[in-house]
Amino acid sequence: MQVATGKSILNGIAIGPLRIYHKAARQTVVSSSLTPAEEWERFDAARKKAQEQLGMLYEKALNEVGEDHAAIFEIHQMMLDDEDYLEAVKGIIETQLASAEHAVSTTGENFAAAFAAMDDTYMQARAADVKDISNRVVNILSGQEDGGFSDDTPAILVADDLTPSETVQLDKSKLLGFITRHGSVNSHTAILARTMNIPALIGVDFDESWDGKPAVLDGYNHCVYIDPAAELLSTMEQKQNNDLKQEALLQGLKKKPNVTLDGREVNVYANIGNVGDIGAVLQNDAGGIGLFRSEFIYLDAQDFPSEDQQFAIYKRVAETMAGKKVIIRTLDIGADKQVEYFNLDKEENPALGYRAIRICLTRKEIFKQQLRAILRASAYGTVAVMFPMIISVREVRDAKELL
């Protein structure tokens, strides 16, 4: 038995054969015998066809994952009207006498690299969106449109990466889960996987020899077992069955009032760690967000996130929840959640010591920056603040003074 680890997109289990998905090989001609004006016409026609295809994908996604997540394909349509993107393509065609394919491919790579270099993890994840729309246009230009993944039997898909459009077009009746070498937990592909309840792992260094082998994708433990032992397979099958029973029970409770036998109404909220979790919150009819773990914004960054970066995230959550309560927990780092750029000293028992609110109260500028971002976002929804790991009334008073 072989075990490989990655990052889990969804807590769940998938059992079945692995199928490695290779995208169609594509050769892009660099120079062109046509005039720049003719190449621009070719590009413009392909761009418009791509927008038509994205419109159809929007309709498909609307039925399968709802308007909030289908909107990504409307965004992709708008990206193909972006002036900076269009000017970059046109510039390469005109200055390098390049083919439209080469101009689009180069522009996509350049824009994706710029997004990937940003500090904000949400913006980094947009690199995949730029590549997705550029590949779509290049495929149309070259007449090599990818037929996508297909298999006669249900399987766990293994690929270098998956775009949002590829994810939506997958045959769900044949897809048990997926594993990718690249990707981000904040990508639209990850968000779609969570919304569609597809167990998935990213960041897995897979081997070509896996193709066709039996496997267990364990989202709870962030790993995949290849050629699992009989005992492990039996355990995982039982766990999967328990998950299905629990899900069926919970589905039966959706849309019902949260009222106790003596008539007392109870609020049932969800906990989230990033924006990508909101789809599951809405899909499962939660009354609000009871805990937004804001520390993951810091854990996913290479440096201190700015006020504007935090504001954009909190605002998006507040707007998406459309008036439902959102409780944002201020930064809770220390103990098991270490952030390198904070340069925290090691402690004997960090779980009870210098962490969470105590770090915030000694690093007030960082704390006030986060509080300002939360307060700004509160104008776009029903937002509340939670202070973590409080041990005295004095800490509450000190925190409220800064608020």
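At-a-glance table
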item	result
Among residues of the stretch 305-343, those that are surrounded by fewer than 16 Cβ atoms within 10 Å (Cβ to Cβ), at pLDDT below 90 and more than 21 Å from Asn271 (Cα to Cα), counted	4
Positions within the stretch 251-287 being among the acidic types (Asp, Glu) and on the phi > 0 side of the Ramachandran plot, in sequence order	Asp285
Sole exception among (1) touching a residue at least 40 places away in the same chain (Cβ under 8 Å); (2) in contact with a Ser or Thr (Cβ under 9 Å, 6 or more places away or on another chain) for Val266, by number	(1)
Residue check, Ala88 under 19 Å from Lys131 (Cα atoms) and surrounded by 19 or more Cβ atoms within 10 Å (Cβ to Cβ)	no
Top-ranked residue in the stretch 308-335 [being closer than 14 Å to Ser378 by Cβ and charged (D, E, K, R); ranked as nearest to the chain's Cα centre (by Cα)]	Arg316
Test result for Asp205, of a type outside the set (S, T, N, Q), in contact with a strand residue (DSSP E or B) (Cβ under 9 Å, 6 or more places away or on another chain), outside any helix (DSSP H, G or I) and loosely packed, with under 13 Cβ neighbours inside 10 Å	yes
Single residue of the stretch 116-139 satisfying the filter (of a type in the set (D, E, K, R) and in a loop (DSSP other than H, G, I, E, B)) that is modelled with the highest pLDDT	Asp119
Flag if Pro214 is within 18 Å of the chain's Cα centre (by Cα) and not hydrophobic (A, V, I, L, M, F, W, C)	no
Failed item in (1) assigned to a helix (DSSP H, G or I); (2) crowded, with 17+ Cβ neighbours inside 10 Å, with Ala37 passing the rest	(2)
Residue match in the stretch 371-394 (condition: out of contact with any helix residue (DSSP H, G or I) (no Cβ under 8 Å at 6 or more places or on another chain), modelled with pLDDT under 95 and either crowded, with 17+ Cβ neighbours inside 10 Å or within 16 Å of Phe304 (Cβ to Cβ) (or both))	no
Which listed residue is surrounded by 11 or more Cβ atoms within 10 Å (Cβ to Cβ) and in contact (Cβ under 8 Å) with a residue 12 or more places away in the chain, from Asn242, Asn186	Asn186
In the stretch 181-234, residue farthest from Gly276 (Cα to Cα) [restricted to those that are of a type in the set (Ser, Thr, Tyr) and in contact with a Ser or Thr (Cβ under 8 Å, 6 or more places away or on another chain)]	Tyr220
Residues that are in a loop (DSSP other than H, G, I, E, B), more than 16 Å from the chain's Cα centre (by Cα) and surrounded by 10 or more Cβ atoms within 10 Å (Cβ to Cβ), drawn from the stretch 260-286	Asn267, Val268, Tyr269, Asn284, Asp285, Ala286
Residue check, Asn221 of a type in the set (S, T, N, Q), over 17 Å from Thr5 (Cα atoms), in a loop (DSSP other than H, G, I, E, B) and out of contact with any Cys (no Cβ under 8 Å at 6 or more places or on another chain)	no
Output for the stretch 193-242, where each listed residue is hydroxyl-bearing (Ser, Thr, Tyr) and farther than 22 Å from Leu170 by Cα	Ser209, Tyr220, Tyr225, Ser234, Thr235
Restricting the stretch 293-338 to residues that are of a type outside the set (Val, Ile, Thr) and touching a Pro at 6+ places or on another chain (Cβ under 7 Å), the residue that is farthest from Ala373 (Cα to Cα)	Ala335
Hey, Lys315 basic (Lys, Arg) and assigned to a helix (DSSP H, G or I) or not	yes
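Conditions (1) assigned by the TED database to the domain that holds Ile133; (2) among the acidic types (Asp, Glu); (3) at pLDDT below 90; (4) not in a helix (DSSP H, G or I), marked per residue:
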| position | (1), (2), (3), (4) |
| --- | --- |
| Ala24 | no, no, yes, yes |
| Asp44 | yes, yes, no, no |
| Leu57 | yes, no, yes, no |
| Asp84 | yes, yes, no, no |
| Glu87 | yes, yes, no, no |
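The values are calculated or read from the model by the stated rules, or taken from the named source; none is laboratory data. Everything numeric here is computed off the predicted structure, so don't read it as measured data. Neighbour counts run over all protein chains shown; Cβ positions are idealised from the backbone, glycine included.
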